[in-house]
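Taking it in order: structure first as structure tokens, then the write-up.
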């Protein structure tokens, strides 16, 4: 199953449309399930898969666990969730000039993220088809790399020491 | 025996919350109260508490608001003031965004120490709240080493 998730806050029609067109054209058919943000009037309605506008944390986790591939906006929440479950993920950044989010932070974050074996980046919808096909070829042969459920001990220990020393003034 | 430190950990729903959850070993063994914008996350924190062998945490929600929703921001701020006045934590910690900014500002007025951990989603410049909170945070952190500066923010690591 391919799970499309575009985050909690804003619609992202460009990605929903790209996946819909890909689903229509790809030779092998895939089951696709999508969490999208409540479309304002005139928002794109995909023809090739079912969508919901809200998932509870438990349902969201269940969909992630079922997914063979996650397709997502370049939000840290989706990226970290995919990594901790050892799931391959295709990300496409929202862009500031298209008003998909307030600025180009997703685009610059993608540029700064270290490369990982199961992280596939489509810079925009023109790259999306190739990246999807490439991802599906690779996940068949690749071994998932699971990120630990919590941050590095060095970081959380440093925070812990600060919290311990923090008594109200 | 010395009483446990009381930590208020604040994040809006979405990526900020996911990052906050990855930091939870930092307050293991301490008293924690979570503040977020989605009531469904109560299940999540109870599940984590059970898995981690921790007591059930405090949990409160405020309304979701972004910077263009002025009225909702005001409601969110009042929500934070109300929770802060009742809970009086020793330290307020946040990964963002708006509710975290408010919580640090209000928490400090109530005498709490404050910790800001700017979201990983800001790799080339700090978030708007992250820039503005600097002088109100006792510990002001970025999760990108190249954004750290001598005058702050500091870099101590990232959730990834």
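The strands (runs of 3 or more DSSP E) found wholly in region A:66-169 and carrying at least 3 residues that are within 16 Å of the chain's Cα centre (by Cα) and within 14 Å of chain B (Cβ to nearest Cβ) occupy A:69-73.
Residues of region A:130-143 that are within 15 Å of residue A:118 (Cβ to Cβ) and surrounded by 13 or more Cβ atoms within 10 Å (Cβ to Cβ): A:131, A:132, A:134, A:135, A:136, A:138, A:139. Take residue B:155 and decide whether it is crowded, with 18+ Cβ neighbours inside 10 Å and either within 22 Å of residue B:26 (Cβ to Cβ) or modelled with pLDDT of 95 or more (or both). So residue B:155 does not fit the description; no. Against the numbered list (1) closer than 30 Å to residue A:107 by Cα; (2) within 14 Å of the chain's Cα centre (by Cα), residue B:64 comes up short only at (2). Scanning region B:143-154 for residues that are in contact with a strand residue (DSSP E or B) (Cβ under 6 Å, 6 or more places away or on another chain) and outside any loop (DSSP other than H, G, I, E, B) returns B:145, B:154. Listed by position, the strands (runs of 3 or more DSSP E) enclosed by region B:1-93 that each have at least 1 residues that are within 24 Å of residue B:139 (Cβ to Cβ) and at the interface with chain A (Cβ under 10 Å from one of its Cβ atoms) are B:6-11, B:31-36. Taken over region B:147-160, the criterion of being more than 11 Å from chain A (Cβ to nearest Cβ) and under 21 Å from residue B:17 (Cβ atoms) is satisfied by B:153 alone. Scan A:64, A:70, A:2 and give me the residue that is touching a helix residue (DSSP H, G or I) at 6+ places or on another chain (Cβ under 9 Å), within 23 Å of residue B:45 (Cα to Cα) and at pLDDT 95 or above. Going through A:64, A:70, A:2 in turn, the sole match is A:64. Selection of region A:35-50 for residues being surrounded by 14 or more Cβ atoms within 10 Å (Cβ to Cβ), without any contact (Cβ under 8 Å) to a residue 40 or more places away in the chain and farther than 24 Å from residue A:96 by Cβ yields A:46, A:48.
Candidates in region A:85-106 are the residues that are out of contact with any helix residue (DSSP H, G or I) (no Cβ under 8 Å at 6 or more places or on another chain) and touching a residue at least 24 places away in the same chain (Cβ under 8 Å); of these, the one that is surrounded by the fewest Cβ atoms within 10 Å (Cβ to Cβ) is A:86. In the set B:100, B:53, B:111, B:96, only one residue is free of Cβ contacts under 8 Å to residues at least 40 places away in the same chain and closer than 20 Å to residue A:151 by Cβ; that residue is B:53. Filter region B:127-146 down to the residues that are facing chain A (nearest Cβ under 10 Å), at pLDDT 95 or above and more than 21 Å from residue B:84 (Cα to Cα) and list them by number. Within region B:127-146, B:141, B:143, B:144, B:146 qualify.
Residue-wise test of (1) closer than 20 Å to residue A:35 by Cα; (2) crowded, with 21+ Cβ neighbours inside 10 Å.
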position: A:67; (1), (2): yes, yes
position: A:71; (1), (2): yes, yes
position: A:111; (1), (2): no, no
position: A:121; (1), (2): yes, no
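The values are calculated or read from the model by the stated rules, or taken from the named source; none is laboratory data. Fair warning: this is a prediction, and the values are worked out from it, not measured in the lab. For neighbour counting, all protein chains shown are included, and Cβ atoms are generated from backbone atoms with ideal geometry for every residue, glycine included.
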